[in-house]
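One structure below.
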Amino acid sequence: MEQKKLIRTLDSITSRRFKTENEMLVEVLDQIVAREQIKVTGGRIWKLNKFLKAYELIYQTGDVQKIPSDFKLPLEEYPIFKEITKERTVLANETNKFLISKGIFKYSASGVGLKIKVADDRYYEYLLVVNSEEINDDLGYTLNIVATILTSKLNAWRASVSRKDLIEDIDRAKQLQKSILPEHEYSFNNYDLFGITVPAKIIGGDFFDYLEIGAQGDRLGIAVGDAASKGLAAAAEAMYISGALRMASTFEIKISPLFYRMNELVNKIFEDDKFASLFYCEISSDKKGLCLYANAGHNPPIFYHKSKDELVLLYPTGPLIGPAPHSTYDTDSFNFSAGDVLVIFTDGITEAANEKFEFYEEKRLEDLIRKNSSKTPKEIALAIIEDVSKFSTNDSKYQDDKTIVVIKRKV
């Protein structure tokens, strides 16, 4: 299941009104088991009892043999619980003889909520455990996203005290965020670029940047990112990632290790409910128009191949930045020819909603790109912003920051 669509689905589920947080967790697990794309046959929710030093079963569902409701998992019998605290999600073989007798041989477990201290160690307050015929890294990445969003929603739920807006701090943050964004228009060798960000609030979590790489300046990196949530927290994460990318560009680090290091930093520095999607590509003076890229869970940018009148989507080459340490990212490539256009965007474009709660979606964007492909990058970007603004309603709950970067090869 595409990462961004999974996030949107989970956000929709967890935004409903629930009487308790347990009720919300149960609904999410039911939805995971029900969705064929995720390929989960059953699951359980466990809650940490720090006094008993064990996890207690609070819910189970799916096509699996049922465990007695009073069954407990003692912390001392499961060293892997410490691994979950470090990694958030683990894929493992079952070792408990009783659970094996119930036909549970392999499982995937994800930590949700706060990390609670028990004796000298810390453990997640909830475990989301699922069974599947395909226990693999794809399932692990999916459950990382689920656990991250659930943790974020639990934190929001518990934030019962409303905070006043600190106007001076917001103004400073707004100026600081402006300072990290480059000029809209940019020219590099045979390429013209135009980028623009329209925040949903005064400040937002979207960002883009142009990065001259190396002393010779014969390569240009283009980054577009989207930090989770909105407002100050998202802006802080966006500024951190943007600053780290700028610093990394001076060392000419290759793309895959660059993404690995970025993920390790965000996972270590930011809280468990913080994550970001990131698309990064590099163009150069290469006569064949080579473009290298990596996509960390970001909306697939759209590449318009002029001579073929063909649209190509640049799908993720790795998971979101932040939720899971030690994640790996592949690098892919394509070639620009004269007149070809690459449009990189955030989900505030395709998920802009109208008064009927219909989304703008990729199909409208693809049609608009093809229609305007002969224009300049600035004209293409502004045409998209204008069309999205006409489609959407300003007072919708579903509006998000909007960012577009358009790259066009001239000759």
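No lab work stands behind these numbers, since they all come straight from the coordinates. Everything numeric here is computed off the predicted structure, so don't read it as measured data. Glycine gets a Cβ as well: all are built from the backbone with ideal geometry, and neighbour counts include every protein chain shown.
Helices in the chain, meaning DSSP H runs of at least 4 residues, each add -39500 (n - 2.57). Divided by all residues, the mean residue ellipticity at 222 nm is -10500 deg cm²/dmol. Rounded to the nearest 10 degrees, the angle from helix 21-34 to the longest Cα principal axis of the chain is 70 degrees. Spatial offset of segment 330-362 relative to segment 79-121 amounts to 38 Å, using the alpha carbon center of each. Between the beta carbons of Lys106 and Glu264, assuming R0 = 25 Å, the FRET efficiency works out to 0.35 to the nearest 0.05.
Beyond 32 Å in Cα-Cα separation lie the following of the pairs Lys66/Lys153; Lys19/Lys97; Lys288/Lys390; Lys287/Lys371: Lys19/Lys97; Lys288/Lys390. Semi-axes of the equivalent ellipsoid of segment 3-158 are 22, 19, 15 Å, computed as sqrt(5λ) over the eigenvalues of the C-alpha gyration tensor in descending order. Label reach from Lys356 (point 7 Å along Cα→C-beta): in segment 376-391, amide nitrogens under 16 Å belong to 390-391.
Note on Arg122 and Asp138: their simple-model spin labels are 3.3 nm apart, each label 7 Å out from Cα toward Cβ.
For the chain, the longest principal axis of the alpha carbon atoms and the long axis of helix 255-269 meet at an angle near 50°. The chymotrypsin sites (Phe, Trp or Tyr not before Pro) of segment 309-359 meeting both criteria, a DSSP state outside H, G, I, E and B (loop) and at most 10 other C-beta atoms within 10 angstrom of the site's C-beta, are Phe357.
Computed from Cα positions, the angle between helix 377-391 and the longest principal axis of the chain comes to roughly 50 degrees. Altogether, the Stokes-Einstein calculation at 37 °C and 0.692 mPa s, with the Kirkwood radius of segment 170-409 over Cα pairs as Rh, returns a diffusion coefficient of 183 µm²/s. Dividing the mean sequence gap of close Cα pairs (under 8 Å, 6+ apart) by how many residues segment 246-319 holds gives a relative contact order of 21 percent.
Taking the convex hull of the alpha carbon positions in the chain and averaging its projected area over all directions gives 21.6 nm².
Under the combined filter of DSSP loop state and at most 13 neighbouring Cβ atoms within 10 Å, segment 231-281 retains these chymotrypsin sites (Phe, Trp or Tyr not before Pro): Phe251.
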